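None of the figures in this text is laboratory data; all of them are computed from the coordinates on show. Owing to the predicted nature of the structure, the values given are computational and were not obtained by experimental measurement. All Cβ positions, even for glycine, are placed from backbone atoms using ideal geometry, and neighbour counts span all protein chains on display.
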Amino acid sequence: SQQGEEDPQALSIQEGENATMNCSYKTSINNLQWYRQNSGRGLVHLILIRSNEREKHSGRLRVTLDTSKKSSSLLITASRAADTASYFCATDAPNFGNEKLTFGTGTRLTIIP
Amino acid sequence: EPEVTQTPSHQVTQMGQEVILRCVPISNHLYFYWYRQILGQKVEFLVSFYNNEISEKSEIFDDQFSVERPDGSNFTLKIRSTKLEDSAMYFCASRGAGNVKYEQYFGPGTRLTVT
């Protein structure tokens, strides 16, 4: 698999349920970031987790990072219709401040009202 | 809250024409990036820019592409002679300085259609 592969590729759940998306990567990272993209729109930054962190919370979002398995998960609790979007993980490697992001393939999340 | 802005939101051009995509990064940010996303595909890195010069560029960023920060606020991407395969959404991003501000904030994108 390529750097930054999310699974599942698509996920449909009922409103109010929790949604979990996973991301795997191959090379060492500095940070891992999650973004949301509504159809045909821009990328909204959700959360960043550093390589020395294991878990981070922001509102209804919970991100975990397991560097030994080179994987991360994004949990959205109590989902809402407005959470319908594509979610991408993006990693960066140490590069003296010029850290480019390598994006995953994304998970298309659909919340059913 | 400060945000990255991009203009135009949609640009249609004929093959072989030059296009300039414009971005205004967040004002106190020092690192600037262009990415692109071909419809249905991953977001791909094109180029990073710091201290008025390119820090890194991808294989996609060939001689047809150039970037410029002509003043203290704008950051532009120029494609000299567009090809059909340049049709994509182009995103500008910026991040702050230092080792504690790695978050990259993206603009809403410019959809480029080459006919």
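Some values worked out for this structure:
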{"read-out": "Ordering of B:79-88, A:52-61 by burial proxy (mean other Cβ atoms within 10 Å per residue, highest first)", "value": "B:79-88, A:52-61"}
{"read-out": "Fraction in percent of alpha-carbon pairs per bin - 10 Å, segment A:16-64", "value": "20, 52, 26, 2"}
{"read-out": "Percent of C-alpha pairs per 5 Å bin, the protein assembly as shown, short to long", "value": "1, 7, 15, 18, 19, 17, 12, 7, 3, 1, 0"}
{"read-out": "Alpha-carbon Rg/Rh ratio, for chain B, with Rh computed the Kirkwood way", "value": "0.95"}
{"read-out": "Partnerless cysteines, meaning none of the other Cys C-beta atoms lie under 4.7 Å away, in the protein assembly as shown", "value": "none"}
{"read-out": "Semi-axes of the equivalent ellipsoid for chain A, Cα gyration tensor, largest first, Å", "value": "24, 14, 12"}
{"read-out": "Neighbour net charge for B:SER48 - beta-carbon separation under 11 angstrom, K R +1, D E -1", "value": "-1"}
{"read-out": "Cα→Cβ-extended label distance, 7 Å offset, between B:SER9 and B:GLU85, nm", "value": "3.1 nm"}
{"read-out": "Translational D in µm²/s for segment B:25-90 (Stokes-Einstein at 25 °C, 0.890 mPa s, Kirkwood Rh from C-alpha pairs)", "value": "194 µm²/s"}
